Amino acid sequence: MKLPPKLRQKGKAYYYDHGGKPRKWERLGSVYATALIKWADIHKGRDAELRTVGSLVDLFISKKQTLAESTLRSYRLYKRVLDKVNASPAPMLALDQGHLHQLIDDYPKKQIARNTALFVKTVYAWAVSRGHLQSSPFTGMRLKGTSRRRRYLTDAEFLSIRQKLEPKFQVAADLAYLLGLRVSEVPMLRFADFKDGVVTIRQQKTKSVKQQIITEDVKAVLERAKTLPGAVRGLALVCNRSGQPYSPQTISGAFFEASKLAGIKDVRFHDIRAKSASDETATAQARLGHATSQTTQIYLRKPIIATPINKVKDAKM
């Protein structure tokens, strides 16, 4: 017999599983009918506020505060999209696959719409796993469009944009390429992280640590960073005149503005990380700090130019 969410049977007794650490179990009795009534009372009160899509999304975000700030920022963006299309006030059980398809069709920014739909799928799957819903209407749903960014930043484009950057942001772009960094990791780099021939990088998204050898190219960028204004007083490599590190948004914004000056469209700072992976695939997984090669594959965007085979030879020739 399949029990409702959070209702557990141990021996002859039934319990409500409140979760938590240490795990809290509330005894409901040994008679199933009686236990089910008590379970319904607890569950109803537990989810009393979870009536709308918006309240479910808010709960999900509140439980994910240990994630990287960039991830939380994306979640808040998707919540604003749901607010904008009036999905947040809707009863959470009324949302179905058709609504997400319509969001992708009608919302002007297609990639954001698709990411929002994926976010909704994630939230509902989480709600099922936590017992807030018995099932998700989005299980097995395939979304329209492409989930991967395919833009490859060529050498010529990278150098053109780099030429338009201020020296401090050139350092940021060079380190991102050589070390395969996320933009959030660039301002976190300190001079003290470069020692004994190795640079130690603390990944902001996964909270893990990776190390890379300090090559001659990396050493040259490090020397340039030491000549920047504020470098003597501050600890950060990429900082303002007061020695304070720039925010990831400032670094990304500078790169975007430089791309416009260079006349190059559809470029993001994060494309540098994909270029790093694409230009040297053999060491890409370790350089980017991925746990699996499958994740690294997402970043490999450089077009593969195939060579035609030779023509079939005529036996008479």
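General remarks:
- Residue within the range 136-154 that is modelled with pLDDT of 95 or more and not hydroxyl-bearing (S, T, Y) present: yes
- Restricted to helices (runs of 4 or more DSSP H) entirely inside the range 47-109, those with at least 3 residues that are surrounded by fewer than 15 Cβ atoms within 10 Å (Cβ to Cβ) are 69-84, 97-106.
- Criterion: more than 15 Å from E185 (Cβ to Cβ), free of Cβ contacts under 8 Å to residues at least 12 places away in the same chain and in contact with a helix residue (DSSP H, G or I) (Cβ under 9 Å, 6 or more places away or on another chain) - qualifying residue of A262, A220, A282: A220
- Test: residue in the range 121-132 that is surrounded by 14 or more Cβ atoms within 10 Å (Cβ to Cβ), basic (K, R) and at pLDDT 90 or above: yes
- Lone qualifier among S135, S88 - being outside the structural domain of W39 (by TED's automatic domain parsing) and either in contact (Cβ under 8 Å) with a residue 40 or more places away in the chain or closer than 26 Å to D17 by Cα (or both): S135
The rows are residues; the columns are (1) over 23 Å from I214 (Cα atoms); (2) assigned by TED's automatic domain parsing to the domain that holds Q203.
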residue	(1), (2)
D279	no, yes
A282	no, yes
L288	no, yes
T292	yes, yes
K302	yes, no
P308	yes, no
V312	yes, no
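- In the condition set (1) exposed (fewer than 15 other Cβ atoms within 10 Å of the Cβ); (2) touching a residue at least 12 places away in the same chain (Cβ under 8 Å); (3) assigned to a loop (DSSP other than H, G, I, E, B), K21 is compliant with all but (2).
- Residue, surrounded by the most Cβ atoms within 10 Å (Cβ to Cβ), within the range 9-18, restricted to residues that are within 15 Å of G131 (Cα to Cα) and not acidic (D, E): Y16
The values are calculated or read from the model by the stated rules, or taken from the named source; none is laboratory data. Quick caveat, the model's predicted, so the values are computed rather than measured. As a convention, Cβ positions derive from the backbone with ideal geometry for all residues, glycine included, and neighbour counts pool all protein chains shown.
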